[in-house]
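**Student:** One structure coming up, written as structure tokens, with questions to follow.
The values are calculated or read from the model by the stated rules, or taken from the named source; none is laboratory data. Not measured: the values here are computed from a predicted model. Neighbour counts are summed over all protein chains in view; Cβ atoms, including those assigned to glycine, are modelled from backbone coordinates with ideal geometry. Surface areas here come from the heavy atoms of the whole protein model, side chains and all, with no ligands, DNA or RNA. Shrake-Rupley method; radii C 1.70, N 1.55, O 1.52, S 1.80 Å.
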Amino acid sequence: MDKPPLIILLASPRGFCAGVERAIEIVEQALHKFGAPVYVRHEIVHNRYVVEGLEAKGAIFVEDLTDVPEGVPVIFSAHGVPKHVPEEAEARHLFYLDATCPLVSKVHREAERHERLGHQVILIGHTGHPEVIGTMGQLPEGSILLVESVDDAQRVAVQDPDRLAFITQTTLSVDDTAEIIAVLQSRFPRINGPKKEDICYATTNRQQAVKAIAPESEALLVVGAPNSSNSQRLVEVARKLGCKHAMLVQRASRIDWAALEGISRLGISAGASAPEILVEEVIAACRERFDVTIREIKVTTENVQFKLPKILDETALSA
Ligand code: SF4
């Protein structure tokens, strides 16, 4: 029997960002340079496939520094860590490498700068996400106010509206964050902050690419993990644009084929921590059931690259 035709609208950019590539490279280079095992505090990036691949090469993932023995390197994940984590590592004389994305570190420095200027800091972000825990942990406990929604922004009580600043998580919805900031700015007209927000280029570009394909897609698959903030936001962005069947899928084996029955246009994207090989796997699974035509919709080109820490950078060492 002939397979039904399916047009795949492939969002571009999608998948790995420069911060994720750098974090994975740090673990791989550390394994190469120091040998296995190398410990990693928290999933280096939120993707099981990536984590399992690194485990197979000798990385050991732990949630707490107390689980790291003496004498082995430990790496902090791309999401960033509260200040007490490197302090604890130093107190124990552990050798650590920081794989925090430079764009997250930039937000950490903003928080510190605001504190120095005497501004109370409001962080727009999601409770419990490791990046939020890391950013809040840049200042003394209890000093950063967390705002998650427009409701929170309407209610948040501040010490002095004239000495106030906001910063944001890097992987939020661009549109939802703009609404939250608008509320803060109307309540506190003198609030300080970045020009727009601190959402990173990769999150912004992936959301734009999903916006370009969602209105024409009868269903949309975002390859990514449930604990990946930027992947979850892509699903929400697609749903907001009327694509009801927008779903997160970790692997091709998890696709809900019943939900795709009878469709002829499928959008596909991937979160910043999802490798392209998993997108290829999803497309290959579609080809088994459909006569697939691929149309890649590119909204922008990315060429961001981040340097490795000096101790791992071969070019820096040989320069
Ligand atoms: S999603 Fe953005 S902030 Fe997070 S690692 Fe990638 S570039 Fe850095």
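**Student:** Of all the residues that make up segment 161-211, how many are outside any loop (DSSP other than H, G, I, E, B) and not small (Gly, Ala, Ser)?
**Tutor:** 25
**Student:** State whether the residues of segment 247-259 include one that is open to solvent by less than 50 Å² (accessible area, probe 1.4 Å) and of a type in the set (Asp, Glu).
**Tutor:** no
**Student:** Further, regarding this structure: Could you please let me know if residue 16 is surrounded by fewer than 17 Cβ atoms within 10 Å (Cβ to Cβ) and either hydrophobic (A, V, I, L, M, F, W, C) or within 12 Å of the ligand (Cβ to nearest atom) (or both)?
**Tutor:** no
**Student:** Next question, about the same structure. Of the numbered conditions (1) under 19 Å from the mean Cα position of the chain (by Cα); (2) away from the ligand (no atom under 12 Å from the Cβ); (3) crowded, with 22+ Cβ neighbours inside 10 Å, residue 38 fails exactly one; give the number of that condition.
**Tutor:** (1)
**Student:** Can you confirm whether segment 61-68 contains a residue that is assigned to a strand (DSSP E or B) and over 25 Å from residue 254 (Cβ atoms)?
**Tutor:** yes
**Student:** Only one of these conditions is not met by residue 99: (1) within 15 Å of the ligand (Cβ to nearest atom); (2) more than 30 Å from residue 249 (Cα to Cα); (3) touching a strand residue (DSSP E or B) at 6+ places or on another chain (Cβ under 7 Å). Which number is it?
**Tutor:** Answer for residue 99: the failing condition is (2).
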